[in-house]
Amino acid sequence: MPHRNVKSWVYILHCADVSYYTGCTTNLEERMDQHHRGVYGGYTSRRRPLKLLWTEEFRDVNEAIDAERQIKGWSRKKKEALMRDDFELLHELAQSKEMRERRAPSTSLPLRSG
């Protein structure tokens, strides 16, 4: 049976090596305990201690899984903007590099004629 309409969370942890770990769970308290104890021999078990920095609650586990996958692909800068609720910067970082460069003020000197 699908896990629709199951309360779920996406979360970001700060690891001892200063990296971020993004995960998804249907039981946040239990999952944090598992991370802190290093229950599973994965990414976070080798990077403890950990600190929970950000969570977002979802009513549908499939939406949480989609959000986790999306955030995992983001740059560190973009994750930090999300955690600060800096939606203006988040939007800017979502633009392609080419689009950001086009929107930035020009720093080149004007050309002289003659």
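The values are calculated or read from the model by the stated rules, or taken from the named source; none is laboratory data. Keep in mind it's a predicted model, so treat the numbers as computed, not measured. Backbone-built Cβ (ideal geometry, glycine too); neighbour counts: all protein chains shown.
Does at least one position in segment 15-29 carry a residue that is free of Cβ contacts under 8 Å to residues at least 40 places away in the same chain and among the small types (Gly, Ala, Ser)?
Scanning segment 15-29 turns up at least one residue that is free of Cβ contacts under 8 Å to residues at least 40 places away in the same chain and among the small types (Gly, Ala, Ser).
Looking at segment 16-62 only, could you name the residues that are acidic (Asp, Glu) and either surrounded by 14 or more Cβ atoms within 10 Å (Cβ to Cβ) or assigned by TED's automatic domain parsing to the domain that holds Lys79 (or both)?
Residues satisfying the conditions are Glu56, Asp60.
Taking segment 9-65, which residues are in a strand (DSSP E or B), farther than 20 Å from Arg76 by Cα and of a type in the set (S, T, N, Q)?
Of everything in segment 9-65, just one residue is in a strand (DSSP E or B), farther than 20 Å from Arg76 by Cα and of a type in the set (S, T, N, Q), namely Thr25.
For segment 92-111, state whether one or more residues are modelled with pLDDT of 95 or more and in a loop (DSSP other than H, G, I, E, B).
Checked segment 92-111: no residue is modelled with pLDDT of 95 or more and in a loop (DSSP other than H, G, I, E, B).
From Leu89, Leu53, grab the single residue that is closer than 30 Å to Arg103 by Cα and within 15 Å of the chain's Cα centre (by Cα).
Leu89
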